[in-house]
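What follows is a single structure, written as structure tokens, with notes after it.
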């Protein structure tokens, strides 16, 4: 059986190699009832798709610090879905990256004194106060800062969410996210993604004064997306029928940029930072 799996499933050694876990770990999961594979007539363990999905759930819960004796109860939750778990995992990773970046920024502002924490030394007055304030700011980030903004989500309003979702994925090359429907099948929300974040597609809502740019005949905002190669991205959008508002241009603010119209006439900008 190939390492990529087959209709017959994966043997324990193959799954261990593909997942990065040890055979001993997989055996332990079987012994404690967390992941019970099927057995061949010869008694060999065989893992199929449902086992791989369950293994993913186990790995996510372990990464989040859940004890093994608590994982079994979580695995039996009938409301769990792979899509929801993947989205939750992605959100948690994005939040972790943001917190790490903030921590790096805080630490860069703290003077590292080799004598800090050593034998008592004479105070230099204001310098000590300043360092202590910055150290306390770091401690706040690591301990009690739970009300700070964690991540931003762009929201774009469209009259036809399904068409907008299709256009942004096919023409602009954004990653497709879920399309949520109500009980009658109408799309009530959709998502697309860039590498660093989420773009929510929201329906028109007069109650909240949210209108489509197509109805307004104007836009009150726009989205700017950084791409690796703006000229290649521009060529792809043109080839897929996108409407270009201006060609790739070196701008005085340090980027090479072009403009395009979205599915309901709203402006988008794509750019790549210019080299030094």
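Of the conditions (1) without any contact (Cβ under 8 Å) to a residue 24 or more places away in the chain; (2) closer than 19 Å to residue 166 by Cβ; (3) over 27 Å from the mean Cα position of the chain (by Cα), residue 261 satisfies every one except a single condition; which number is it?
It is condition (3) that residue 261 fails.
Can you tell which of 210, 201, 223 is touching a residue at least 24 places away in the same chain (Cβ under 8 Å) and touching a helix residue (DSSP H, G or I) at 6+ places or on another chain (Cβ under 9 Å)?
Working: 210 fails: touching a helix residue (DSSP H, G or I) at 6+ places or on another chain (Cβ under 9 Å); 223 fails: touching a helix residue (DSSP H, G or I) at 6+ places or on another chain (Cβ under 9 Å).
The unique qualifying residue is 201.
Of everything in region 217-241 that's assigned to a loop (DSSP other than H, G, I, E, B) and under 24 Å from the mean Cα position of the chain (by Cα), which residue is nearest to residue 164 (Cα to Cα)? First the steps, then the outcome.
Of region 217-241, the ones assigned to a loop (DSSP other than H, G, I, E, B) are 217-222, 227-229, 240-241.
Remaining after also requiring under 24 Å from the mean Cα position of the chain (by Cα): 221-222, 227-229.
Numbers: 221: 16, 222: 15, 227: 20, 228: 24, 229: 24 Å.
Across region 217-241, the extreme among qualifying residues is 222.
In the list 204, 238, which residue meets the criterion of being modelled with pLDDT of 95 or more and surrounded by 12 or more Cβ atoms within 10 Å (Cβ to Cβ)? Break it down stepwise before answering.
Numbers: 204 fails: modelled with pLDDT of 95 or more.
One residue alone meets the criteria, 238.
Are any residues in region 71-95 surrounded by 11 or more Cβ atoms within 10 Å (Cβ to Cβ), more than 25 Å from residue 152 (Cα to Cα) and modelled with pLDDT of 70 or more, and if so, which ones?
71, 72, 74, 75
Only residues that are modelled with pLDDT under 95 and within 28 Å of the chain's Cα centre (by Cα): list them for region 242-255, please.
254, 255 - these are the residues of region 242-255 that are modelled with pLDDT under 95 and within 28 Å of the chain's Cα centre (by Cα).
Pick out the one residue from 163, 209, 181 that is loosely packed, with under 12 Cβ neighbours inside 10 Å and more than 22 Å from residue 272 (Cα to Cα).
Working: 163 fails: loosely packed, with under 12 Cβ neighbours inside 10 Å; 181 fails: loosely packed, with under 12 Cβ neighbours inside 10 Å.
Checking each option against the conditions leaves just 209.
The values are calculated or read from the model by the stated rules, or taken from the named source; none is laboratory data. Since the model is a prediction, treat every value here as computed from it, not as a measurement. Quick reminder, even Gly has a Cβ in these numbers, built from the backbone with ideal geometry, and neighbours come from all protein chains shown.
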